[in-house]
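Participant: Have a look at the structure that comes next, please.
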């Protein structure tokens, strides 16, 4: 009995859209993309998971809000009860919300600082009312999630499949609609994260600013601005021609550059802050994900200004797909990362649902042990059957060899009789050569050689 494949669904509830990704994880860790859906928020989660195996899958949701936080800090090594108290004090200092209005979860990593053992704490927190609203939305679609995580944790999990160089420090910049997450990954782990209030919507809004030219006042609608942003991206300063008859290239560049400059400055500020806080560790490269990663010319613009290699990521790279290529894979970065997490690690799920999830994992673990024992017994039985089969073959081959050796064995069994006959003949010959006439023996031997119907008339 082999371990069965598991289905995981990651749902990213964004500012304007809902992204859902369904994957299938094989027993050896192979991942297959089954479905990826993108819908507007007003269409709801049911539409986002349409065609997915929701009833049998494990669902992990991504939730974010301005008041949520993900923090790192170091505390002395202490008992579990003391750790909980120390974390409460840290939360009071670092989070604006009262502790009793927050859902929190944390992970401890034991480290050495000199000769002192300490804990490095990764703390996630979000207002209870935000988490409850996410759970309510999911339940409207008859979904009970096994975990709720924040975007940086999803990006951390995703980074393990993005082909990042193990020895490098990489900033994975997740450009969403209203926010951009700057997530620094080192040795496969998230070591720094910062969220800034600038995203794809800010670029669109910048293009709607009014312009005064010889033709008079020009102002793009939000729809026109979004369409032109997708079509032209971030053009070079040397581009030519009017854009859609309303705005020329120079005007377009001047408007969109204001927003992209702001984004660049926020990214650069974050990289410098991380370097200062990590005793000089520098980011070696930047990878762009999220809906804004597809903006034409953005990687080149950021690379020129940041001074490090910048590229657009591809979350589905190297992953088998059941339904072919996905249009803009970077849109699904957080949803895919959530699915890849399998609901393990930090989770902001309400306590009653978390207990239910723990029970489900324990049940799955027991089922895995039972399956392993069953497989072991089956293999043992098969091994015994194979040994018996080998013994049967050996017996069969032995019988054949015995059949071949049978004449030799018969000769051996008559050896004593033959030896006696030879001894008698030798005595007869010796008697002849000694001069004694052994007529009796000679006539007896001669009679044995004559045919039955022969008569001896003369000697």
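The values are calculated or read from the model by the stated rules, or taken from the named source; none is laboratory data. For clarity, every value in this text was computed on a predicted model and none was experimentally measured. Backbone-built Cβ (ideal geometry, glycine too); neighbour counts: all protein chains shown.
For (1) farther than 27 Å from residue 161 by Cβ; (2) touching a helix residue (DSSP H, G or I) at 6+ places or on another chain (Cβ under 8 Å); (3) not assigned by TED's automatic domain parsing to the domain that holds residue 19, each residue gets a yes or a no:
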| site | (1), (2), (3) |
| --- | --- |
| 233 | no, yes, yes |
| 249 | yes, no, yes |
| 252 | yes, yes, yes |
| 258 | yes, yes, yes |
| 296 | no, yes, yes |
| 301 | no, yes, yes |
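Participant: Could you tell me which numbered condition residue 103 fails, if it satisfies all but one of (1) surrounded by fewer than 19 Cβ atoms within 10 Å (Cβ to Cβ); (2) closer than 17 Å to residue 68 by Cβ; (3) in contact with a helix residue (DSSP H, G or I) (Cβ under 6 Å, 6 or more places away or on another chain)?
Facilitator: With respect to (1) surrounded by fewer than 19 Cβ atoms within 10 Å (Cβ to Cβ); (2) closer than 17 Å to residue 68 by Cβ; (3) in contact with a helix residue (DSSP H, G or I) (Cβ under 6 Å, 6 or more places away or on another chain), residue 103 is out only on (1).
Participant: State whether the residues of region 46-57 include one that is touching a strand residue (DSSP E or B) at 6+ places or on another chain (Cβ under 7 Å) and under 28 Å from residue 185 (Cα atoms).
Facilitator: No.
Participant: Looking at the structure I just gave you, is residue 223 at pLDDT 90 or above and more than 24 Å from residue 163 (Cα to Cα)?
Facilitator: Values: at pLDDT 90 or above: yes; more than 24 Å from residue 163 (Cα to Cα): yes.
When the stated conditions are applied, residue 223 passes them.
Participant: Test residue 15 against the stated conditions and say whether it is at pLDDT below 90, assigned to a loop (DSSP other than H, G, I, E, B), under 26 Å from residue 184 (Cα atoms) and in contact with a strand residue (DSSP E or B) (Cβ under 7 Å, 6 or more places away or on another chain). I'd like the intermediate steps shown before the answer.
Facilitator: Values: at pLDDT below 90: yes; assigned to a loop (DSSP other than H, G, I, E, B): yes; under 26 Å from residue 184 (Cα atoms): yes; in contact with a strand residue (DSSP E or B) (Cβ under 7 Å, 6 or more places away or on another chain): no.
Here the answer is no, as residue 15 does not meet what is asked.
Participant: In this structure, does residue 312 turn out to be without any contact (Cβ under 8 Å) to a residue 40 or more places away in the chain and closer than 21 Å to residue 151 by Cα? Can you show your working first?
Facilitator: On the way: without any contact (Cβ under 8 Å) to a residue 40 or more places away in the chain: yes; closer than 21 Å to residue 151 by Cα: yes.
Spelling it out, residue 312 is indeed without any contact (Cβ under 8 Å) to a residue 40 or more places away in the chain and closer than 21 Å to residue 151 by Cα.
Participant: Okay, moving on. Return the residue satisfying two criteria in turn: it lies in region 161-184 and is touching a helix residue (DSSP H, G or I) at 6+ places or on another chain (Cβ under 8 Å) and surrounded by fewer than 19 Cβ atoms within 10 Å (Cβ to Cβ), and of such residues it is nearest to residue 278 (Cα to Cα). Step through it out loud before you land on a result.
Facilitator: Of all residues in region 161-184, those touching a helix residue (DSSP H, G or I) at 6+ places or on another chain (Cβ under 8 Å) come to 161, 170-178, 180-184.
Narrowing the set further to residues that are surrounded by fewer than 19 Cβ atoms within 10 Å (Cβ to Cβ) leaves 161, 177-178.
Numbers: 161: 25, 177: 30, 178: 28 Å.
Restricting to residues being touching a helix residue (DSSP H, G or I) at 6+ places or on another chain (Cβ under 8 Å) and surrounded by fewer than 19 Cβ atoms within 10 Å (Cβ to Cβ), the top hit is 161.
Participant: Can residue 194 be described as touching a residue at least 40 places away in the same chain (Cβ under 8 Å) and part of a loop (DSSP other than H, G, I, E, B)?
Facilitator: no
Participant: Give the number of residues within region 314-347 that are under 20 Å from residue 175 (Cβ atoms), under 17 Å from the mean Cα position of the chain (by Cα) and in a loop (DSSP other than H, G, I, E, B).
Facilitator: Count: 4.
Participant: Suppose the filter is surrounded by 13 or more Cβ atoms within 10 Å (Cβ to Cβ) and in contact (Cβ under 8 Å) with a residue 60 or more places away in the chain; does residue 70 pass it? Give the steps one after another, and end with the answer.
Facilitator: Numbers: surrounded by 13 or more Cβ atoms within 10 Å (Cβ to Cβ): yes; in contact (Cβ under 8 Å) with a residue 60 or more places away in the chain: yes.
So residue 70 passes the test.
Participant: Look at region 133-187 and say how many of its residues are touching a residue at least 60 places away in the same chain (Cβ under 8 Å) and more than 20 Å from residue 312 (Cα to Cα).
Facilitator: Looking only at that region, the number is 15.
Participant: Here is a further query. Working carefully through the options 318, 307, find the one that is without any contact (Cβ under 8 Å) to a residue 24 or more places away in the chain and at positive phi. Working first, answer last.
Facilitator: Working: 318 fails: without any contact (Cβ under 8 Å) to a residue 24 or more places away in the chain.
Answer to the check: 307.
Participant: If you don't mind, another one. Which ones in region 18-50 are part of a loop (DSSP other than H, G, I, E, B) and either touching a residue at least 12 places away in the same chain (Cβ under 8 Å) or crowded, with 20+ Cβ neighbours inside 10 Å (or both)? Break it down stepwise before answering.
Facilitator: Residues of region 18-50 that are part of a loop (DSSP other than H, G, I, E, B), as a first pass: 26-30, 49-50.
Correct list: 26, 27, 30, 49, 50.
Participant: Do you know which residues across region 294-313 are assigned to a loop (DSSP other than H, G, I, E, B) and buried (at least 20 other Cβ atoms within 10 Å of the Cβ)? Walk me through it before giving the result.
Facilitator: Pass one, region 294-313, residues assigned to a loop (DSSP other than H, G, I, E, B): 295-297, 307-309, 313.
Across region 294-313, the qualifying residues are 295, 313.
Participant: Quick test of your reading of the structure: residue 234 fulfils all but one of (1) buried (at least 17 other Cβ atoms within 10 Å of the Cβ); (2) modelled with pLDDT of 90 or more; (3) outside any strand (DSSP E or B). Name the failing condition by number.
Facilitator: So the condition that residue 234 fails would be (2).
Participant: Mind checking which residues of region 198-219 are assigned to a loop (DSSP other than H, G, I, E, B) and free of Cβ contacts under 8 Å to residues at least 40 places away in the same chain? Steps first, answer last, please.
Facilitator: Taking region 198-219 and keeping what is assigned to a loop (DSSP other than H, G, I, E, B), we get 198-199, 208-210, 214-215, 219.
Once the filter is applied, which keeps residues that are assigned to a loop (DSSP other than H, G, I, E, B) and free of Cβ contacts under 8 Å to residues at least 40 places away in the same chain, region 198-219 yields 208, 210, 214, 215, 219.
Participant: Do we find that residue 103 is farther than 30 Å from residue 309 by Cβ, assigned by TED's automatic domain parsing to the domain that holds residue 45 and over 27 Å from the mean Cα position of the chain (by Cα) in this structure?
Facilitator: Working: farther than 30 Å from residue 309 by Cβ: yes; assigned by TED's automatic domain parsing to the domain that holds residue 45: yes; over 27 Å from the mean Cα position of the chain (by Cα): yes.
For residue 103, the condition - farther than 30 Å from residue 309 by Cβ, assigned by TED's automatic domain parsing to the domain that holds residue 45 and over 27 Å from the mean Cα position of the chain (by Cα) - is met.
Participant: Do you know which residues across region 51-67 are exposed (fewer than 15 other Cβ atoms within 10 Å of the Cβ) and more than 28 Å from residue 194 (Cβ to Cβ)?
Facilitator: 51, 53, 55, 56
Participant: May I pose another question? Residues in region 268-293 that are surrounded by 18 or more Cβ atoms within 10 Å (Cβ to Cβ) and either touching a strand residue (DSSP E or B) at 6+ places or on another chain (Cβ under 6 Å) or outside any helix (DSSP H, G or I) (or both): how many?
Facilitator: To start, the set of residues in region 268-293 that are surrounded by 18 or more Cβ atoms within 10 Å (Cβ to Cβ) comprises 270-271, 274, 283, 286-293.
Add one more test, that the residue is either touching a strand residue (DSSP E or B) at 6+ places or on another chain (Cβ under 6 Å) or outside any helix (DSSP H, G or I) (or both), and what stays is 270, 274, 283, 286-290, 292-293.
Counting residues in region 268-293 that are surrounded by 18 or more Cβ atoms within 10 Å (Cβ to Cβ) and either touching a strand residue (DSSP E or B) at 6+ places or on another chain (Cβ under 6 Å) or outside any helix (DSSP H, G or I) (or both) gives 10.
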